[in-house]
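The values are calculated or read from the model by the stated rules, or taken from the named source; none is laboratory data. Since we're looking at a predicted model, the values are computed, not measured. Using ideal geometry, Cβ is built from the backbone for each residue, glycine included, and neighbour counts are taken over all protein chains shown.
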Amino acid sequence: MSWVKAASLSADLDLAAMSAYLHQQGVNHRISEESGAQVIWVQHGGHAAAVLELVEGVSRGDVQFNVSESAADNNPASSNSWVSQTGRFPATLCLLVLAIFGALLVEFNPSLSLVRWLTYQDIHVVGNRLGLGTVAQIFSEGQYWRLVTPIFLHFSLFHILFNCLWLWEFGRRLEGFLGRSRFLSLVLFTGIASNSTQYFWQGPSLFGGMSGVLYGLLGYLWIRNRLQPDPRIALPSGVIIFMLVWLLVAASGFVDMFIGGSVANAAHVGGLLAGMLAAFAASRDRP
């Protein structure tokens with residue numbers, strides 16, 4: 001996707017209201033910082049002249065924006081400061097912290113004495129062998145958190161970095177669009193779906209990671225925007241293609257040769273389908 005430079009403004013200006021207004025008007029854009037200035041880029045060249053005219057009107061004081069404070073706060077592109085965005089998307093930030101905690105727990109708890117409380121089924125080490133419980137124990141012993149908590153376990157540096165990158169990208173969009181409670185409900189739903197799909201497809205095994213949830217968020221963004229287009233959740237087609245190609249590459253077994261384990265491919269598929277299903281249901285409820 002080619003972006004077109006529309007305007008350059010002082011780094012001291014607060015562009016949150018302008019960015020929210022552009023999103024409301026369906027202008028897909030982003031704001032970056034270059035050489036001490038804020039640069040507005042638009043996805044379609046036909047919007048560049050209109051954005052430049054708008055910027056000039058703001059500079060003259062002729063233009064004011066009638067957008068709600070919440071609209072500006074929930075727009076991931078309304079600020080180019082990573083630090084300022086973390087305060088506006090606390091649910092996404094919390095998930096990132098928990099994922100990093102899970103990665104550190106795996107790294108520094110080789111005996112699995114603590115990790116075992118976050119796995120899908122209970123595990124125990126007997127000599128050099130790993131004993132695995134069953135899903136029936138989850139329900140018989142009331143350990144329902146196990147349906148979700150494997151999403152926080154990560155087993156390599158690449159694993160956690162890849163997942164955190166896309167969680168930050170997808171999570172901000174959906175937390176701003178859906179609100180925190182519905183966003184977390186979607187994470188919960190796709191987490192349970194992806195973990196359960198992996199368990200019933202492969203059987204008892206030690207698995208984890210946020211990838212299934214990420215594919216769930218991807219599926220939701222993809223289908224929801226196709227059924228009810230909204231610039232706040234519009235993903236570049238290149239991102240969707242990359243993620244789907246990566247799913248196929250991982251499913252081929254090629255990635256397994258480099259990670260010293262195996263990719264939880266069933267979790268990816270289960271999460272993707274769950275996210276798409278949630279998008280279909282939400283679009284029918286919200287015409």
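Brief remarks on what is shown
- Neighbours by Cβ (under 6 Å, 6+ apart or cross-chain): first from segment 193-204, in the same structural domain as Thr149 (by TED's automatic domain parsing) and in contact (Cβ under 8 Å) with a residue 40 or more places away in the chain; second of a type outside the set (D, E, K, R) and part of a loop (DSSP other than H, G, I, E, B): Asn195/Tyr120; Gln198/Phe207; Gln198/Ala264; Tyr199/Tyr120; Pro204/Gln121
- Residue check, Ala103 in contact with a Phe, Trp or Tyr (Cβ under 9 Å, 6 or more places away or on another chain), assigned by TED's automatic domain parsing to the domain that holds Gly208 and closer than 25 Å to Gly179 by Cα: no
- Wholly enclosed helices (runs of 4 or more DSSP H) of segment 171-281 bearing at least 3 residues among the aliphatic types (A, V, I, L, M) and surrounded by 14 or more Cβ atoms within 10 Å (Cβ to Cβ): 180-202, 211-227, 237-251
- Every pair of residues 6+ apart whose Cβ atoms lie under 9 Å, when the first sits in segment 48-73 and is over 17 Å from Val27 (Cα atoms) and modelled with pLDDT under 70 while the second is in a helix (DSSP H, G or I) and of a type in the set (Asp, Glu): Asp62/Glu56; Val63/Glu56
- Options Arg180, Arg226: the member that is in the same structural domain as Tyr120 (by TED's automatic domain parsing), in contact with a helix residue (DSSP H, G or I) (Cβ under 6 Å, 6 or more places away or on another chain) and among the basic types (Lys, Arg): Arg180
- None of His23, His29 is closer than 19 Å to Gly171 by Cα and modelled with pLDDT of 80 or more except His29.
- Residue count for segment 137-154 under the criterion of being part of a loop (DSSP other than H, G, I, E, B) and more than 17 Å from Leu96 (Cβ to Cβ): the result is 3.
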